[in-house]
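The values are calculated or read from the model by the stated rules, or taken from the named source; none is laboratory data. This structure is a prediction, so every number in the text was calculated from the model and none was measured. Glycine also receives a Cβ, built like all others from the backbone with ideal geometry; neighbour counts cover every protein chain displayed. SASA here: full protein model, heavy atoms, side chains in, ligands and nucleic acids out. Shrake-Rupley method; radii C 1.70, N 1.55, O 1.52, S 1.80 Å.
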Amino acid sequence: MLLGPPGVGKGTQAERIAAEFGPCQLSTGDIFRHALSDAGRDAPSAAMAAALAAMKRGELVSDATVDDIVRERARCLACDYGFLLDGYPRTLEQAHTLDDLLASLGHRVDAALHFFAAEPVIVARLSGRRVCRRCHASYHVELHPPHVPGKCDACGGDLMHREDDQPEAIRVRLKAYAATSGPVLEHFRAAGLLREIAAAADPDQVFGRARAAILALGLGG
Ligand code: AMP
């Protein structure tokens, strides 16, 4: 499981970890973003419409909705190659739901990697981030610009500035993280599962640290 504030690089690291170790990847943020891009085509349920409105404001989605979404994807947690959670759990309630769900499946969390960086680094990353509408590849206007401005290197899709990466939503998201993350980190620390990963470096260096932590835990073999 990857923990840490929005913008610390969990999504980028999740892609790399998944490519190297092959677990089933579950990102609740990606699920909501897909639902948002489908919302013009299929009318969302009342719960999903409320979730998407919260997401656009930068607020957390309710635990009940997040827990339902994860329960619907419980098969991912029983994957033969393991699972990788990105952006979940975000509250202690979600962490407890996850523990119960995993216990019912006969599985458990092996490690919680906590990515951390100073707030100015995070704000700079979030405000410069651009994401491909089609394949969701992530860029940064200064740190990792695309070859052709506004276009994805991987698939040629249009790049967008996420609504929740606008300054006001960034402020709300960081506040939400500060309000809920402490008990979640403590929960996994108390279980002996937390590993700290300094994430202010470039993505290759951060991946080297994450990879070393995974291997040191005897995982990924
Ligand atoms: P992320 O890409 O993980 O930063 O998620 C984007 C947005 O989706 C968040 O700002 C929340 O509005 C919502 N979201 C994603 N995962 C969760 C979660 N586990 N609990 C509550 N809200 C979530």
Considering only the range 50-66, how many residues are more than 24 Å from residue 109 (Cβ to Cβ) and part of a loop (DSSP other than H, G, I, E, B)?
2
Failed condition for residue 88, given (1) open to solvent by less than 20 Å² (accessible area, probe 1.4 Å); (2) away from the ligand (no atom under 15 Å from the Cβ); (3) part of a loop (DSSP other than H, G, I, E, B):
(2)
For the range 30-49, what are the residues that are open to solvent by 60 Å² or more (accessible area, probe 1.4 Å) and part of a helix (DSSP H, G or I)?
34, 37, 46
Exactly one of these conditions fails for residue 53: (1) more than 11 Å from the ligand (Cβ to nearest atom); (2) more than 17 Å from the chain's Cα centre (by Cα). Give me its number.
(1)
Do any strands (runs of 3 or more DSSP E) entirely within the range 120-221 hold 1 or more residues that are in contact with a Phe, Trp or Tyr (Cβ under 8 Å, 6 or more places away or on another chain), and if so, which?
129-132, 194-198
Long-range neighbours under 7 Å by Cβ, at least six apart or interchain, first residue under 18 Å from residue 90 (Cα atoms) within the range 162-179, second open to solvent by 100 Å² or more (accessible area, probe 1.4 Å) and within 11 Å of the ligand (Cβ to nearest atom):
169/57; 169/163; 172/57
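The rows are residues; the columns are (1) within 13 Å of the ligand (Cβ to nearest atom); (2) within 19 Å of the chain's Cα centre (by Cα); (3) under 16 Å from residue 31 (Cβ atoms).
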residue: 62; (1), (2), (3): yes, yes, yes
residue: 72; (1), (2), (3): no, yes, yes
residue: 100; (1), (2), (3): no, no, no
residue: 140; (1), (2), (3): no, yes, no
Output yes when any residue across the range 116-135 is surrounded by fewer than 17 Cβ atoms within 10 Å (Cβ to Cβ), under 26 Å from residue 191 (Cα atoms) and free of Cβ contacts under 8 Å to residues at least 12 places away in the same chain, and no when none is.
no
Within the range 74-85, restricting attention to residues that are of a type outside the set (Lys, Arg) and open to solvent by 80 Å² or more (accessible area, probe 1.4 Å), which residue is nearest to the ligand (Cβ to nearest atom)?
81
Checking residue 104 against (1) among the hydroxyl-bearing types (Ser, Thr, Tyr); (2) assigned to a helix (DSSP H, G or I); (3) surrounded by 15 or more Cβ atoms within 10 Å (Cβ to Cβ): exactly one of these is not met. Which one?
(3)
